[in-house]
Amino acid sequence: MDVAQRVKNLPPYLFAEIERKIVKAREEGKDIIDLGIGDPDLPTPDFLVERMCREVQNPENHRYPSYRGLGAFREAVALWYKKRFGVDLDPEKEVVALIGSKEGIAHFPWCVVDPGDLVLASDPGYPVYKIGTMLAGGIPLPLPLLPQNDFLPDFSSFPGDFLERVKLVFLNYPNNPTSRTATIAFFREIVQLAHRFGFILAHDLAYSEISFDGYRAPSILEVEGAKEVAIEFHSLSKMCNMTGWRIGFAVGNAELIGALGRIKTNIDSGIFNAIQWVGVEALKRVEEVLEKILPVYTKRRNLVVETFQRLGFDLPYPKATFYVWIPVPSGFTSMSFAEYILDRAQVVVTPGVGFGKYGEGFVRVSLTTPSERLQEAMERIEHALGG
Ligand SMILES: Cc1ncc(COP(=O)(O)O)c(C=O)c1O
């Protein structure tokens, strides 16, 4: 079968070798602990599951959902944005429901990118920014996030005539995989640049609520003038342990939201209404959910950071996300260090290069594994690395 060129152009699966080793080790009966995936192990809260059980029995929810999302869901998003970020949104024009934020991020380049347009995507970064761009015929270029800049992009490294040719910039703070955060002052600068050079900003805020030590992540829409140039993606996946339910949303510039809604109308038929009603309930009670999950992630974060610090690694306590971004010791690449840990400790970590070439030199540890297993993984790593 001759598949389309756009499928052939998709990047190869980078972790094939590690994957092969994991399968082999498991076949040999080894007990592998996987710290590679960012998927909450804690269940969706009971009150949301119970709401789902009721909604699923309502025949009104059995029909096609509205394409843009239930009015009640879009209103709940607007209310939450007002309460959490102080941002005013018109639920009619400035909010669209998504089948998880990944779906919206992947489709968004279809709305604004013509074949050959340049798109800057955070590197290291969530791979969908680049892949969505490629599928739309755009040219993805890395926006390097370097340790010397505390993993914030340095736009002064690009000439102005280049930035004038950029159509879209993908940013994500709190950041996956580096776990770094951005200040409102940084967002202000970026919004100014978007106005000056005429590019569109797509900000991914999926991790805003997973934060520690009193840190509160800002929305880019808090910046004056942001709504003229920006769209922001968000999701219930991480903040309410709902990755499997597939519900997210995009907010911001009305034209961009309208274009995304239009593309979606022609591709999917929205999110199961019962799930959207659960989303309404979740958005009303986010704080209650977070009170339960954040102490768990805080303990796990401390455990991982302190284990690696004891082993001589130089790394800070992340203020947000459920990832720890760890510099690899000299003499290793991110891939060889991940393989070393897999061989010696039977623990899977993600090589940074999987998130882009600027992720080289780091591995990512995810905190979404049950605490006892994470504890065991850290003991094994400490033993294997000679602690
Ligand atoms: C940075 C980032 N954005 C978006 C997503 C997509 O989340 P979802 O589609 O579940 O909303 C993820 C998932 O891992 C992510 O890490």
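Nothing in this text is a laboratory measurement; each read-out follows from the coordinates by a stated rule. Because the structure is a prediction, the values reported are computed rather than measured. Here the Cβ positions follow ideal geometry from the backbone for every residue, glycine too, while neighbour counts run over all protein chains shown.
Bin all alpha-carbon pair distances of segment 1-95 at 10 Å intervals from 0 and give each bin's fraction as a whole percent.
Reading the bins upward from 0: 11, 18, 23, 24, 22, 2.
If we count other beta carbons within 10 Å of each Cβ, what is the order of 53, 111, 240, fewest first?
Fewest-to-most Cβ neighbours within 10 Å comes out as 53, 111, 240.
So for the chain, averaging the separation of alpha carbon pairs under 8 Å that are six or more residues apart and normalising by length, what relative contact order in percent results?
In percent, rounded to a whole number, it is 24.
Given 113, 79, 137, which one lies farthest toward the positive end of the charge dipole of segment 78-167, if we put +1 on the Cβ of every Lys and Arg and -1 on the Cβ of every Asp and Glu?
The listed residue farthest towards the positive side: 79.
Report, as a whole number in µm² per second, the diffusion coefficient that Stokes-Einstein gives for the chain at 20 °C and 1.002 mPa s using the Kirkwood radius over alpha carbon pairs.
In µm²/s, the coefficient rounds to 99.
So, with +1 on the Cβ of K and R and -1 on the Cβ of D and E, and no other charges, what is the size of the charge dipole of the chain about its Cα centre, to the nearest 20 debye?
Its charge dipole is roughly 260 debye.
Could you tell me which of rounded, prolate or oblate describes segment 219-283, using a ≥ b ≥ c as the square roots of the eigenvalues of the alpha-carbon gyration tensor, with rounded for a/c under 1.5 and, failing that, prolate when a/b is larger than b/c and oblate otherwise?
It comes out oblate by the Cα gyration axes.
Using the Cβ atoms and a cut-off under 12 Å, what net charge is assigned to the surroundings of residue 210, where Lys and Arg are +1 and Asp and Glu are -1?
With Lys, Arg at +1 and Asp, Glu at -1, the net is +4.
If you line up the Cα atoms of segment 144-215 on their principal axes, what length do they span on each, largest first, in Å?
Principal-axis extents of the Cα atoms in segment 144-215, largest first: 41, 23, 19 Å.
Of all the Cα-Cα pairs you can form in segment 46-108, what percent are over 15 Å apart?
Cα-Cα pairs in segment 46-108 separated by more than 15 Å: 65 percent.
Based on DSSP, what percent of beta bridges with both residues in the chain are antiparallel, to the nearest 5?
45
Work out the length of the dipole vector of segment 283-387 about its Cα centre, built from +1 on the beta-carbon of each Lys and Arg and -1 on the beta-carbon of each Asp and Glu, and round it to the nearest 20 debye.
With only Lys, Arg, Asp and Glu charged at Cβ, the dipole is about 300 debye.
State which entries of 130/319; 21/167; 227/319; 167/357; 83/130; 30/299 exceed 29 angstrom in Cα-Cα distance in the structure shown.
Going by Cα-Cα distance, 21/167; 83/130 fall outside the 29 Å limit.
To the nearest 20 Debye, how big is the dipole of segment 1-135 about its Cα centre, given +1 on the beta carbon of each Lys and Arg and -1 on that of each Asp and Glu?
The calculated dipole for segment 1-135 is roughly 80 debye.
Longest exposed-loop-site-free stretch of the chain, with chymotrypsin sites (Phe, Trp or Tyr not before Pro), DSSP loop and at most 13 other Cβ within 10 Å?
14-214
Please work out whether segment 88-204 counts as rounded, prolate or oblate from its C-alpha gyration tensor, where a ≥ b ≥ c are the square roots of the eigenvalues and a/c under 1.5 means rounded, while otherwise a/b larger than b/c means prolate and anything else oblate?
rounded
Between rounded, prolate and oblate, where does segment 166-282 land on the alpha carbon gyration tensor, with a ≥ b ≥ c its root eigenvalues, rounded for a/c under 1.5, else prolate if a/b exceeds b/c?
Oblate, because a/c is 1.5 or more while a/b does not exceed b/c.
Can you name the helices of the chain, as whole DSSP H runs, whose Cα span along the helix axis is 27 Å or more and whose Kyte-Doolittle mean is not below -0.5?
Membrane-span-like by this criterion, though nothing is claimed about a membrane: 286-310.
Run the numbers on segment 198-312 and let me know its relative contact order in percent, using alpha-carbon pairs under 8 Å that are six or more apart.
It rounds to 23 percent for segment 198-312.
Which one, 249, 266, 320, projects farthest toward the positive side of the charge dipole computed for the chain from Cβ point charges (K/R +1, D/E -1)?
266
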